[in-house]
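To keep things clear, I will list the structure first and then write my remarks on it.
The values are calculated or read from the model by the stated rules, or taken from the named source; none is laboratory data. None of these values were measured; they are calculated from a predicted model. Here the Cβ positions follow ideal geometry from the backbone for every residue, glycine too, while neighbour counts run over all protein chains shown.
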Amino acid sequence: MEKILNYINGELVEPINGSYLDNYNPSIGKVYSQIPDSNEKDVDMAYFAANEAFLGWSNTPKEERSKIMMRISDLIEENLVELAKAESIDNGKPVKLATQVDIPRAASNMRFFATAILHYASESHDMDGEAINYTLRKPIGVVGCISPWNLPLYLFTWKIAPALASGNCVIAKPSEVTPMTAYLFSKLCIEAGLPKGVLNIIHGMGPSVGSPITTRPGIKAISFTGGTATGKAIAKVAAPMFKKLSLELGGKNPNIIFADCDFDKALKTTMLSSFANQGQICLCGSRIFVERPIYEKFRDAFAAKTKKLKVGNPSDADTNLGAIVSKAHLEKVLSYVDLAQEEGGTVLAGGNKVQLEGELSEGYFMEPTIIEGLAFDCRTNQEEIFGPVVTIMPFDTEEEVVVMANSTEYGLAATVWTQDVGKATRLGACLASGIVWVNCWLVRDLRTPFGGVKNSGVGREGGFNALNFFTEQTNVCIKL
Ligand code: NDP
């Protein structure tokens, strides 16, 4: 059985304590590889390596850092098939999705920040001949990057790339649930000639690896993507140490469909925004609000299409939904279907575990599910489910839907479907959300600010926001 290894000081190494955890393939419900069960000793070792590498890496010319990162990006593309297959096995997502989205995006993340750093400039302020100020942007030092299981390599590289480009050394922890592509990535970093100690990848559990990364004094910034509860726990320990914090947390996103929308486009995209990656994308629109005049037409068409989606083997090209990432997560998602019914909801489509045959008979599969008839403020409509479960509700006025859309503790992303520019503009201003998509979903320009308001997070990733996060400013004032 394949053993995943930590990547410390440029080498692939066993965890110091020699212990390993089981890594499951969620499509077959069986262990298929072993993950280091690392602890604070491995984090310490990584920290010493990173700290030693910092002087060299931060003084390496940007062009050179950029070239190495471009090589890593090229290698990701050259290994697309292998990486996509590995992501699909580890996470349960359709291999087609990993091939078209996850892995190409990981390559883009590396390429985007490798080139962004070449265009990154700082400000100067001229005091009318009395003095001149210029602002240096310096790398912070050793930084921590912690990422979740839903888009494993995609989100892992989204953090690491700006940190490395701006001259920091990194200690990174992928989710213990989906560690495989981060391991394969470490091999590509070695092949690309990334100097030793610049990036260190430690595998293991949140409390034994994530927590030491957030509490270790020398690690000066933490970039975290994951659940809101974990984000709170991290803020509690890291804030009193005055670490810089970027927190990308949960969501409960509204998908608002007005009667004047392009019906077919709204329907087609809602299929994706509801169920892509088994609904396990922080940006999925899990609460669908449809304006009353088209409510029944939209609901019936949406339910009919949903019932036709294929839940199946992630390796099959025609599979729409693969496996849920773990048994525990499947149980959590199913428990929300029970809760929704207790709260008075009616299941319009799905609602059940899917029993596949043969090798997949122990896999964690679930039907895409639509629930109708719930109050906007019930628990099902307020708590993050993070699976293939959406609710659908009618609304009558713009004012009413804004209140319902803004009613949760989250504020990550919202989608609005309308042909009326005025309405789109008003909604864009009124929705308490870090991102608003109009007549589209998941259209991403990597230069734009990415992140949430309220309990969906603190700070913004993307473009120069990320480079700003991973640098410290020094203003130099010269008297003329
Ligand atoms: P978790 O918060 O459970 O875990 C995220 C990462 O943090 C994992 O690597 C985890 O390790 C680690 N971790 C757990 N406990 C600690 C700790 N005490 N200190 C430091 N690190 C810790 O999230 P999930 O992996 O379950 O991911 C799903 C969540 O991520 C959802 O809420 C989703 O909305 C959110 N998300 C947000 C996005 C955004 O951009 N806003 C994007 C994607 C997902 P381990 O796996 O070992 O527990």
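Tell me, yes or no, whether the stretch 425-448 has at least one residue that is more than 18 Å from residue 284 (Cα to Cα), hydroxyl-bearing (Ser, Thr, Tyr) and over 16 Å from the mean Cα position of the chain (by Cα).
Yes; the residues of the stretch 425-448 include at least one that is more than 18 Å from residue 284 (Cα to Cα), hydroxyl-bearing (Ser, Thr, Tyr) and over 16 Å from the mean Cα position of the chain (by Cα).
Only residues that are surrounded by fewer than 24 Cβ atoms within 10 Å (Cβ to Cβ) and either not assigned by TED's automatic domain parsing to the domain that holds residue 407 or not in a helix (DSSP H, G or I) (or both): list them for the stretch 253-269, please.
Within the stretch 253-269, 258, 259, 260, 261, 262 meet the criteria.
Starting from residues that are within 15 Å of the ligand (Cβ to nearest atom) and small (Gly, Ala, Ser), keep the ones in the stretch 138-160 and report whichever is surrounded by the fewest Cβ atoms within 10 Å (Cβ to Cβ).
147
Collect the residues in the stretch 308-335 that are surrounded by 13 or more Cβ atoms within 10 Å (Cβ to Cβ), over 22 Å from the mean Cα position of the chain (by Cα) and not in a loop (DSSP other than H, G, I, E, B), keeping them in residue-number order.
Result: 311, 334.
In the list 437, 417, which residue meets the criterion of being buried (at least 17 other Cβ atoms within 10 Å of the Cβ) and touching a Ser or Thr at 6+ places or on another chain (Cβ under 7 Å)?
From the options 437, 417, the qualifying one is 437.
Can you tell me which residue in the stretch 452-466 is nearest to residue 408 (Cα to Cα), limited to those that are buried (at least 22 other Cβ atoms within 10 Å of the Cβ) and within 12 Å of the ligand (Cβ to nearest atom)?
The selected residue is 456.
Residue 190: in contact (Cβ under 8 Å) with a residue 40 or more places away in the chain, more than 13 Å from the ligand (Cβ to nearest atom) and among the β-branched types (Val, Ile, Thr), yes or no?
Here the answer is yes, as residue 190 does meet what is asked.
Quick test of your reading of the structure: residue 221 fulfils all but one of (1) within 13 Å of the ligand (Cβ to nearest atom); (2) touching a residue at least 40 places away in the same chain (Cβ under 8 Å); (3) not assigned by TED's automatic domain parsing to the domain that holds residue 388. Name the failing condition by number.
If we test residue 221 against (1) within 13 Å of the ligand (Cβ to nearest atom); (2) touching a residue at least 40 places away in the same chain (Cβ under 8 Å); (3) not assigned by TED's automatic domain parsing to the domain that holds residue 388, just (1) comes out false.
Which ones in the stretch 86-101 are in contact (Cβ under 8 Å) with a residue 60 or more places away in the chain, in a helix (DSSP H, G or I) and of a type outside the set (A, V, I, L, M, F, W, C)?
Those that are in contact (Cβ under 8 Å) with a residue 60 or more places away in the chain, in a helix (DSSP H, G or I) and of a type outside the set (A, V, I, L, M, F, W, C): 87, 88, 90, 91, 96.
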